[in-house]
């Protein structure tokens, strides 16, 4: 296999998309306003992206009937895979019971059985520092959900060590590379891979609101950040490296306010594929910088499924 072929194959397994889809501020920015009859956000986004990260599963277990409906909504894109966040009861509150685990599994299993579950994201807060107790808790979770394709997001720099990477490798769990404001001992940008699943998340760089406790600042301001191309270019290089060593790689833009993450996701696709991409018309009007990467004519919905046939959330806006 030539180097060029290997790189093409790795990009074919790369999926880039937004975190969540149900944001009131996306009306008229990402989605048409007014919406056409029978419009659904996931169906619309699956025309442009091959993944969406489910956020509602962080706040409560995903209901099986809802998971089934979402499968139908993205059925037109054969390359599409969901990723989903593990319920915060297991990572933030740490009060989960056996019944809680059953409830979480019920929703995830609907996606897994349909072969549409690309990863389960186990996201910990910045306050989750490396210690014997936290290592034990993380290890227990990795064992408890070992049958799922796990990826772990850690935000405190005390975890950015070879010991952590070895722990994840031992349990076949991926490491989530993140872009976040670097304040104090925040984990810095990286290109780590510890399983066959690669993952990167973009949170924005709002240094002024990231750790703010000011009740007068709206929650969405934490994610109100638009990356510039020169900020994305180093990440494009990291993502290429991750994709070359993994079976599937997911890149999720969580800087969601007014569709900024959608803008950056499209820009990353264009950078990594080296071509123009299809752009939602409302977004194109609000962000003129998309003109230089936008297709004039509608493109096939599956942006990275090279060589495959082309087929004719109320999510909360805060993701902790």
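The values are calculated or read from the model by the stated rules, or taken from the named source; none is laboratory data. As the structure is a computational prediction, the values presented were derived from the model and not from experiment. Note that each Cβ is placed from the backbone with ideal geometry, even for glycine, and that neighbours are counted across all protein chains shown.
Each row is one residue, and each column tells you yes or no for (1) in contact with a strand residue (DSSP E or B) (Cβ under 8 Å, 6 or more places away or on another chain); (2) over 25 Å from residue 259 (Cβ atoms).
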| residue | (1), (2) |
| --- | --- |
| 70 | yes, no |
| 91 | yes, yes |
| 105 | no, yes |
| 124 | yes, yes |
| 143 | no, yes |
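Residue 127 falls short on exactly one of the conditions (1) surrounded by 13 or more Cβ atoms within 10 Å (Cβ to Cβ); (2) within 22 Å of the chain's Cα centre (by Cα), and that condition is (1). Among the residues of region 114-150, those that are in a helix (DSSP H, G or I) and either at pLDDT below 95 or out of contact with any helix residue (DSSP H, G or I) (no Cβ under 8 Å at 6 or more places or on another chain) (or both) comprise 132, 133, 134, 136, 137, 140, 143. Looking at region 186-195, is at least one residue within 19 Å of the chain's Cα centre (by Cα) and outside any loop (DSSP other than H, G, I, E, B)? Among the residues of region 186-195, not one is within 19 Å of the chain's Cα centre (by Cα) and outside any loop (DSSP other than H, G, I, E, B), which makes the answer no.
Suppose we filter region 236-251 for residues that are buried (at least 22 other Cβ atoms within 10 Å of the Cβ) and either modelled with pLDDT under 95 or in contact with a helix residue (DSSP H, G or I) (Cβ under 8 Å, 6 or more places away or on another chain) (or both); how many remain? So the answer is 4. In the condition set (1) under 29 Å from residue 24 (Cα atoms); (2) modelled with pLDDT of 95 or more, residue 221 is compliant with all but (2).
Every condition in (1) at pLDDT 95 or above; (2) touching a strand residue (DSSP E or B) at 6+ places or on another chain (Cβ under 7 Å); (3) surrounded by fewer than 22 Cβ atoms within 10 Å (Cβ to Cβ); (4) assigned to a loop (DSSP other than H, G, I, E, B) holds for residue 21 except the one numbered (3).
The residues of region 75-113 that are in contact with a helix residue (DSSP H, G or I) (Cβ under 6 Å, 6 or more places away or on another chain), at pLDDT 95 or above and assigned to a loop (DSSP other than H, G, I, E, B) amount to a single one, 87.
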